[in-house]
Amino acid sequence: MKDRRKPCSLFVISRCAVALLFFSGFTFSTHRLFFTERYHPNLVASWITSTTEAISSDSSAARGISIGETVLFPDQVLILLKYPPSSPLLTKDEIDCVYSSPNTSRRSSPLSIGGAYLDHQIVRCKLPSRGMIASVSLKPQGILPPGPIHYWKSLAYEAMIDRDNTTVVFAKGLNLRQGKTSNASKFQCVYGSDFTKPKLLLRTEVVSIAQEIVRCRTPLSLLSGPQNDNKVSIKVNGKGILGSIARPEFLAPPDPPVFFQHRVCACTMLRNQARFLHEWIMYHARIGVERWFIYDNNSNDDIENIIESLVNKDFKITRHLWPWIKTQEAGFAHCALRARDFCEWVAFIDVDEFLHLPSGVHLGTLISNQTIRPEVGELRISCHNFGPSGLKSIPTEGVMVGYNCRLSMPERHKSIVRPDKLNPSLINMVHHFDLKDGFRHVNVDRNLMVINHYKFQVWEVFKEKFYRRVAAYVSDWKDEENVGSKDRAPGLGTQAVEPGDWSNRFCEVNDTGLRDWVVKTFRDPSTGLLPWQKQEDRVL
């Protein structure tokens with residue numbers, strides 16, 4: 001007879017080992033410097049939780065699921081669940097957020113569960129109270145041991161190896177001026193798996209540094225092949241190393257190699273604006289946009305299914321999860337790099353902005369006419385800001401038909417750029433990029449092309465802007481800072497309180513030019529519907 005006691009003993013030992021890893025607890029100070037050459041906020045043992053929370057050996061640990069990284073944002077915590085290849089993603093019903101301290105433990109439902117992000121899945125939880133640690137529990141198995149904690153104020157969060165073998169690093173906490181390059185000699189790039197061990201790190205030169213974007217020389221050892229344990233960060237001379245979760249990924253060229261698959265593409269960053277995508281994409285496809293890059297900044301409004309429905313209609317759309325808050329400039333730079341090998345021109349516009357061609361010329365033709373001279377690398381298009389136009393509820397026919405009253409004077413501009421002609425620093429002001437030496441921009445006449453910016457929609461839509469601005473260098477609506485700037489609604493203040501006359505504000509010129517073209521071009525004569533309307537909106 002076989003002795004079955006030995007396997008049982010091994011099971012107990014392995015279970016105890018896992019329990020010890022988790023229940024050792026954590027201590028760290030939130031008052032330390034965020035630079036981490038001497039300090040790295042790994043979790044350290046200090047207290048014990050009930051053994052009923054221990055994760056069993058036949059649960060998610062056996063499936064290879066673990067917490068890879070934890071990032072503390074100002075108002076929530078981001079947990080990255082690490083997955084083995086081809087493992088199915090978890091759903092919101094399978095996960096609890098868990099908050100533990102030496103004396104208590106509580107649970108709540110996740111704020112949101114994201115899709116696949118590299119080899120991780122995004123889980124968002126409420127920010128833990130002071131002295132508590134956030135983790136997740138997988139139903140019914142138990143709590144996962146928390147991973148290393150990082151602070152959003154000082155973190156290298158994304159990195160990609162460019163085709164010139166430099167590494168482009170996106171980092172918070174550098175506190176550099178907007179629109180200006182900085183002295184690269186004051187910084188170094190560091191590569192390694194453990195930044196608490198300086199002697200084991202590879203250090204390379206910073207080629208350029210501006211805003212939140214750093215371009216580094218890539219060590220030859222990394223170019224020989226992927227090394228998943230290696231991360232990259234930035235060392236500020238005299239201060240230390242930023243925390244990092246940035247693992248460099250190679251920017252893959254088109255396969256097979258091609259010279260621009262698309263004449264015109266569009267890139268945008270959005271949060272909970274999926275309901276506008278059908279109209280925005282269908283319209284721009286009609287005037288000449290061929291591909292879309294959607295940077296999803298923490299949406300929880302069924303955007304996956306909406307994009308899938310559009311892809312099923314043969315629209316070429318790539319959704320890229322971008323969980324990083326107030327990083328629109330970095331996100332647009334990231335998008336420019338990804339789009340460069342596929343698109344000759346890329347429009348960087350929001351989903352409430354529509355390129356309007358009053359002359360009726362196709363977008364590709366207009367771009368050709370404006371860029372006869374080879375040194376033109378960017379077109380700048382003026383924006384007209386539209387108001388609620390007397391409406392108090394969301395127009396079922398869409399924004400282009402529903403809103404037709406605007407301010408008289410244009411405000412600012414947005415750009416269509418050649419991504420291969422951008423300055424290597426990738427400096428951008430959201431509205432436009434810096435170009436390589438020898439290239440210039442052209443201001444497009446408003447009679448040829450203008451952007452209808454449906455900025456001030458009905459209050460139900462507009463109030464969502466108070467949640468958080470996506471740009472790094474633009475103050476949030478609720479902040480008592482730059483209250484009179486053009487990035488805010490004039491006279492609105494810092495509170496999401498609807499003015500009594502909101503529906504009639506921002507109305508100086510009745511402009512139905514785009515509305516008339518859309519109705520003539522898109523409306524179904526038999527149903528009266530536009531292609532982005534629902535059947536229940538049909539007028540009998």
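With a cut-off of 20 Å on the backbone N, the residues of segment 361-380 near the modelled label site 7 Å out from Val509 along Cα-Cβ are 361, 380. Net length available on complete extension from Asp524 to Asp119 is 141.4 nm, with 0.36 nm assigned per residue and the Cα-Cα distance removed.
Between Lys313 and Thr396, the simple spin-label model (points 7 angstrom out along Cα→Cβ) gives 1.8 nm. Protection proxy ranking for 425-432, 108-115, 67-74, using the average of other Cβ atoms within 10 Å per residue and placing the highest first: 425-432, 67-74, 108-115. Neighbours of Glu498 by Cβ distance under 14 Å: Lys/Arg scored +1, Asp/Glu scored -1, total +1.
Taking a point 7 Å out from the Cα of Gln261 in the direction of its Cβ, the residues of segment 291-319 whose backbone N falls within less than 16 Å of it are 291-294, 311-319. May I ask you to evaluate 6.51 cos²θ - 1.76 cosθ + 1.60, the Karplus curve with θ = phi - 60°, for each residue of segment 294-310 and list the ³J(HN,Hα) values in order in whole Hz, giving x for glycine and proline? Karplus values, whole Hz, x for Gly and Pro: 9, 9, 8, 9, 6, 6, 9, 10, 6, 5, 4, 5, 5, 5, 4, 5, 6. Here segment 372-413 is scanned for amide nitrogen atoms under 20 Å from the site 7 Å beyond the Cα of Asp501 along Cα-to-Cβ, giving 385-393, 404-409. In the full protein context, segment 175-223 carries 53 Å² of accessible surface per residue, based on a 1.4 Å probe and ignoring ligands, DNA and RNA.
Inter-label distance, His362 to Asn300: 4.4 nm, where each label sits 7 Å from its Cα along the C-beta direction.
For segment 389-405, in order, what is each residue's ³J(HN,Hα) by Karplus, 6.51 cos²θ - 1.76 cosθ + 1.60 with θ = phi - 60°, in whole Hz (x at glycine and Pro)? Those phi angles translate into 6, x, 7, 10, 9, 4, x, 5, 7, x, 6, 5, 8, x, 9, 9, 10 Hz.
One chain, two ends: Lys153 and Lys197. Fully extended at 0.36 nm per residue, the span grows by 13.6 nm beyond their Cα-Cα distance. Across segment 358-375, rounded Karplus estimates of 3J(HN,Hα) from the backbone phi angles (6.51 cos²θ - 1.76 cosθ + 1.60, θ = phi - 60°) give x, 7, x, 6, 4, 4, x, 5, 4, 4, 4, 5, 8, 10, 4, 7, x, 7 Hz, Gly and Pro being marked x.
The values are calculated or read from the model by the stated rules, or taken from the named source; none is laboratory data. All figures in this text were calculated on a predicted structure; none of them were measured in a lab. Note that each Cβ is placed from the backbone with ideal geometry, even for glycine, and that neighbours are counted across all protein chains shown. All accessible areas refer to the heavy atoms of the entire protein, side chains included, with ligands and DNA or RNA removed. Shrake-Rupley method; radii C 1.70, N 1.55, O 1.52, S 1.80 Å.
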